[in-house]
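The structure under discussion appears below in the form of C-alpha cells.
Any read-out appearing in this document is the output of simple, stated calculations on the displayed coordinates, not a laboratory observation. These figures come from a predicted structure and were not determined experimentally. Note that we place each Cβ from the backbone using ideal geometry, even for glycine, and neighbour counts take in every protein chain shown.
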Amino acid sequence: MKRKSHIHIKVELDDDNIPDKITWDASDKPTDVASGTKAVSVALWDDSTMNTMRMDLWTKEMTVEEMKRFFVNCLGGLAQTILNSTGDEYLSDETTALCDKFVKYISEEEEKNQEGEVK
C-alpha cells in the first residue's frame with residue numbers, strides 16, 4: 001500500500017474576509033500540534049490548463065518588511081528547486097542573482113528607515 005501524507009492549512013477570517021489567523025499541520029510533522037504562521041504561499045500546477053494556480057495569504061500582523069523577506073525567501077527556494085528539478089543552472093543562477101539584488105535593496109531600505117527614525 002502506498003504511504004499517504006497530508007498537509008492542512010486552516011485560515012480564520014475576520015468580518016471583512018481578511019486572514020486573522022493561519023495555522024498549518026502535516027501528518028509528517030514531528031509534533032502533533034498545529035503551528036501558527038503569518039503567511040502562506042502555495043502554487044499548484046494545473047495540467048489541464050498548463051497554468052499555475054496560486055494562493056497567497058497573510059495575516060494583518062505581518063509587517064511589510066516581513067512580507068518582503070518572505071517573498072525573497074520564497075524566490076530563493078524556487079532557485080534551488082529549479083536546479084534540483086530541471087538541472088538548469090542558468091535559470092537557478094539568474095534567480096539567485098535576482099534574490100541577491102533584492103536582499104541588497106531591502107537591507108539598504110531598512111538602513112534608510114532606521115536612520116530616519118534616529119533623527
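Would you mind ranking MET55, MET1, MET67, MET50 by Cβ crowding within 10 Å, fewest neighbours first?
MET1, MET50, MET55, MET67
Counting other beta carbons within 10 Å of each residue's own, what order do LEU83, LEU75 fall into, fewest first?
LEU75, LEU83
Calculated from DSSP H runs of 4 or more alone, at -39500 (n - 2.57) each and per residue, what is the 222 nm mean residue ellipticity of the chain, nearest 500?
When only DSSP H runs of four or more count, the value is -16000 deg cm²/dmol.
Give me ILE18, ILE106 sorted ascending by neighbouring Cβ count inside 10 Å, so fewest comes first.
ILE18, ILE106
Residue separation times 0.36 nm, minus the C-alpha to C-alpha distance between MET62 and CYS74: what's the value?
Using 0.36 nm per residue and subtracting the Cα-Cα distance, I get 2.8 nm.
Can you give the FRET efficiency for LYS10 and THR49, using 1/(1 + (r/R0)^6), R0 = 25 Å, r = Cβ-Cβ distance, to the nearest 0.05?
Efficiency for this residue pair is about 0.35.
I'm spelling it out carefully: the read-out is Kirkwood radius over Cα pairs in Å, the candidates are (i) 14.2; (ii) 14.7; (iii) 17.3, and one was derived from this structure. Which label?
So the structure-derived entry is (iii).
Please tell me which of these pairs span more than 29 angstrom C-alpha to C-alpha: LYS29/LYS101; LYS10/LYS112; LYS4/LYS38; LYS10/LYS104; LYS2/LYS38?
Going by Cα-Cα distance, LYS29/LYS101; LYS10/LYS112; LYS10/LYS104; LYS2/LYS38 fall outside the 29 Å limit.
Residue farthest toward the positive end of the dipole of region 1-86, with Cβ of Lys/Arg at +1 and Asp/Glu at -1: which of HIS8, THR86, SER48?
Positive-end residue among those listed: THR86.
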